[in-house]
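Visitor: This is the structure I want to talk about, given as structure tokens.
The values are calculated or read from the model by the stated rules, or taken from the named source; none is laboratory data. Bear in mind that the values here come from a model prediction, so they are computed numbers and not experimental data. Backbone-built Cβ (ideal geometry, glycine too); neighbour counts: all protein chains shown. Keep in mind that these areas ignore ligands, DNA and RNA; they rest on the heavy atoms of the full protein, side chains included. Shrake-Rupley method; radii C 1.70, N 1.55, O 1.52, S 1.80 Å.
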Amino acid sequence: MLVLFETAAGYAIFKVLDESKLQQVDSLYKEFETPEKANKILKLKHFEKFQDTTEALAAATALVEGKLGKSLKKVLKKVVAKEAHEQLAISDAKLGGVIKEKLDLSCVHSPAVAELMRCIRSQMEALISGLPPREISAMSLGLAHSLSRYKLKFSPDKVDTMIVQAISLLDDLDKELNNYNMRCREWYGWHFPELGKVVTDNLAYCKTVRKVGDRTNVATTDLSEILPEEIEAEVKLAAEISMGTEVSEQDIGNIRHLCDQVIEISEYRAQLYDYLKNRMMAIAPNLTVMVGELVGARLISHAGSLLNLAKHPASTVQILGAEKALFRALKTRKDTPKYGLIYHASLVGQTTAKNKGKISRMLAAKTALAIRYDALGEDTNAEMGAENRAKLEARLRQLEDRGIRRISGTGKAMAKADKYQHKRRRRRKRRQRRNLRSQRKKMRRCQSVRR
């Protein structure tokens, strides 16, 4: 039996001297405790060294993908083909199938072979002569770095990583902006509390505070670039009758610095949103058309990548993001949630509460198709997404119209039913009266006959 062993430095082919030892899988490691014992079991037949890191990377990539590389094919034809009657022990069953198909060599893969490979790895330096340990270590490190760079470069998920990072940063920026705006309003509210009620927009509030500073400067400051004329007039009127406390110039300076931070973060957030919008239209155009760029990016981020999201069925896409509610409902035996992150899509938002479940289910089904088309298809247009969205909007209008017709029709039906029931009651009463009269007549006749 021959053994094919892959290393970072090259391919090694060993000849098994005592095959009976391979039958004892549990105690095989004892035969490799020392280099002397290992050399009694195996003998190095040939070692094909890689010329450089590029060749090693090509060979490693082929092995990872289960393919037969050029260097390995050359070694097998050169050494193993001469002893075609021998079996070849390999560590990968998929590679064995390729070797058998291409070169017509009998390959073996079993638990005993896997244990043998582990034992060879433990005594690799002694079994492969002429290869210093330092050189093996250096080549292993170089190959590991090259293989990592190759996987990163050609990874199908590398582009959605940018989307995942962008949507995560966007959520973090929203949280920070909310905290900063709240702090700015509370801080400046001690000096000019009326401004917070007049100016409701946070960005306009911060721009106004940065430009005005002390409230006594409001009367002489032109705010037409920031606020409309009506609101500017209200601000100037409120500044004259403000009940706020006096603050020092140092306090105003710190508040202005906070406003600068809020304005800078807001501008960067708008820039980041445009970037995310463009990336989503480039990577997942159909998903973006169906649910919007923010919801689509959150679905990708929640699944980890676009490819992982494409593996989910429509029922999972529908409740993605509501895992806690789902498991709580399963545990307490209550109704499971009807929607997760997909609830924030515009189609679900514009639906009445009664039809939200139906629309979310239909939207999840079409969204799952759009995700698979974006992840696995070759086209980069959004025609399918636009067509499915039009179908959903038509279905939504149909559901809403049906609900209106049903409400109007119910009133008419109730009126008809009341009228019909009233007639039935009258007929029943008449029938009862007739029966009562006939019974009385019979009783009278019976009494007259007895007499």
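Visitor: For the stretch 100-153, name all the residues that are open to solvent by 70 Å² or more (accessible area, probe 1.4 Å) and closer than 17 Å to VAL16 by Cα.
Guide: HIS109, PRO111, ARG118, ARG121, SER122, SER129, listed by residue number.
Visitor: Consider only pairs whose beta carbons are under 7 Å apart and that are at least six residues apart or on different chains; among these, list those whose first residue lies in the stretch 423-446 and is free of Cβ contacts under 8 Å to residues at least 12 places away in the same chain and whose second residue is surrounded by 10 or more Cβ atoms within 10 Å (Cβ to Cβ) and among the β-branched types (Val, Ile, Thr).
Guide: That search, which allows pairs on different chains as well, returns nothing.
Visitor: Sticking with this structure for a sec: Restricting to the stretch 392-451, give me the number of residues that are at pLDDT 65 or above and within 30 Å of LYS358 (Cα to Cα).
Guide: Total meeting the criteria: 11.
Visitor: If a residue counts only when it is in contact (Cβ under 8 Å) with a residue 60 or more places away in the chain and not small (Gly, Ala, Ser), which helices (runs of 4 or more DSSP H) contained entirely in the stretch 109-216 have at least 2 such residues?
Guide: Where helices (runs of 4 or more DSSP H) fall fully within the stretch 109-216 and carry at least 2 residues being in contact (Cβ under 8 Å) with a residue 60 or more places away in the chain and not small (Gly, Ala, Ser), they are 111-122, 124-127, 133-153, 158-189, 202-212.
Visitor: Could you tell me how many of the residues in the stretch 231-241 are within 46 Å of the chain's Cα centre (by Cα) and open to solvent by 50 Å² or more (accessible area, probe 1.4 Å)?
Guide: Residues meeting the conditions: 1.
Visitor: Now for a different question. Take the stretch 314-352 and flag every residue that is of a type outside the set (A, V, I, L, M) and within 20 Å of GLY304 (Cβ to Cβ).
Guide: If the condition is that a residue be of a type outside the set (A, V, I, L, M) and within 20 Å of GLY304 (Cβ to Cβ), then SER315, THR316, GLN318, GLY321, GLU323, LYS324, PHE327, GLY340, HIS344 are the ones that fit.
Visitor: Quick check on this structure: which one of LYS30, LYS94 is within 23 Å of SER146 (Cβ to Cβ), assigned by the TED database to the domain that holds SER110 and not aliphatic (A, V, I, L, M)?
Guide: LYS94
Visitor: Residue under question is ARG215, and the condition is that it be of a type in the set (D, E, K, R) and either open to solvent by 60 Å² or more (accessible area, probe 1.4 Å) or touching a strand residue (DSSP E or B) at 6+ places or on another chain (Cβ under 9 Å) (or both); does it hold?
Guide: So ARG215 does not fit the description; no.
Visitor: Check the stretch 307-319 and report whether any residue there is at pLDDT below 90 and either open to solvent by 80 Å² or more (accessible area, probe 1.4 Å) or closer than 19 Å to VAL295 by Cα (or both).
Guide: yes
Visitor: Take ARG256 and decide whether it is farther than 21 Å from ASP174 by Cβ, modelled with pLDDT under 95 and open to solvent by 60 Å² or more (accessible area, probe 1.4 Å).
Guide: Judged against the criteria, ARG256 is a match.
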